[in-house]
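The values are calculated or read from the model by the stated rules, or taken from the named source; none is laboratory data. No experiment lies behind these values; they were computed from the predicted model shown. We place every Cβ from the backbone using ideal geometry, glycine too, and count neighbours over all the protein chains shown. The accessibility values were calculated without ligands, DNA or RNA, using every heavy atom of the protein model including side chains. Shrake-Rupley method; radii C 1.70, N 1.55, O 1.52, S 1.80 Å.
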Amino acid sequence: DPDTSLLHQLGPLIQQFPDLEPGIVHLVPFLLSTRSPGVFVGFLERDRDALPVLMRILSLPTPAASWLLEDEDCFDWLRLSAGKIASSEQLRDVIATEVLSIEDEEVRLASMRSYRRRETLRVLCAHFLHGMPWYDVQQQLTCIAEAAFYSSWLLAISEMRGGGERREKVEDGLLAIAGGGFGGFEMDFESPLSIQFLSADEFSADTRGA
């Protein structure tokens, strides 16, 4: 019986980690959010290392549980990546080759949000579960934010290149301003990204009126 097997796994976990109560509250909604709860419980039965990781993530004092509930593939992605932190170059490459290749604008934006959430969750786990220092956390969160900024920059250029206009010409006429904690490595797990784009004409008008 899968349910009985799951309960048998939870018992020793609760004894080992007394702070798993929030995770127990979120476990049933998480299982119901998966494509096939029965299949997922069977997976937890076969891979005895998966449930401890899942429960500790669901118990974190952050939005980790809601992120897992909103993205049914997020836990699989996190497990398969083994929680390894991506470099700034890897983050940019994935966004440039995968996310921005999506033609539908709404799907593309949803994919960008999902990608940032997954990468942030990976850093969150590295901090709370593996002791990553807070300074390193802020550095990595800034890299993720910069990758999101980079994707927005490429997207803005792509939308302005209509009519066969050369990319270099578009870049010369576009100013991007990133606010918040971008430059000071002060990003937190839920820090909003503030990005503003100005064309050359808008920038000239603003400076003349300043």
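Consider Leu91 carefully, then state whether it is surrounded by 14 or more Cβ atoms within 10 Å (Cβ to Cβ) and over 13 Å from the mean Cα position of the chain (by Cα). When the stated conditions are applied, Leu91 does not pass them. Of all residues in the stretch 119-135, those being more than 14 Å from the chain's Cα centre (by Cα) and either closer than 19 Å to Arg92 by Cα or open to solvent by less than 50 Å² (accessible area, probe 1.4 Å) (or both) number 3. For Leu32, the stated conditions do not hold, so it cannot be described as open to solvent by 20 Å² or more (accessible area, probe 1.4 Å), in contact with a His (Cβ under 8 Å, 6 or more places away or on another chain) and under 30 Å from Leu13 (Cβ atoms). Set side by side, the residues Asp49, Asp71, Asp19, Asp76 differ, and just one is of a type outside the set (Ser, Thr, Tyr), open to solvent by 30 Å² or more (accessible area, probe 1.4 Å) and under 21 Å from Ser111 (Cβ atoms), which is Asp76. The residue that is nearest to Gln140 (Cα to Cα), among those in the stretch 104-118 that are buried (at least 17 other Cβ atoms within 10 Å of the Cβ) and among the small types (Gly, Ala, Ser), is Ser114. In the stretch 27-60, which residues are in contact with a helix residue (DSSP H, G or I) (Cβ under 8 Å, 6 or more places away or on another chain) and free of Cβ contacts under 8 Å to residues at least 12 places away in the same chain? Across the stretch 27-60, the qualifying residues are Leu31, Pro37, Phe40, Phe43.
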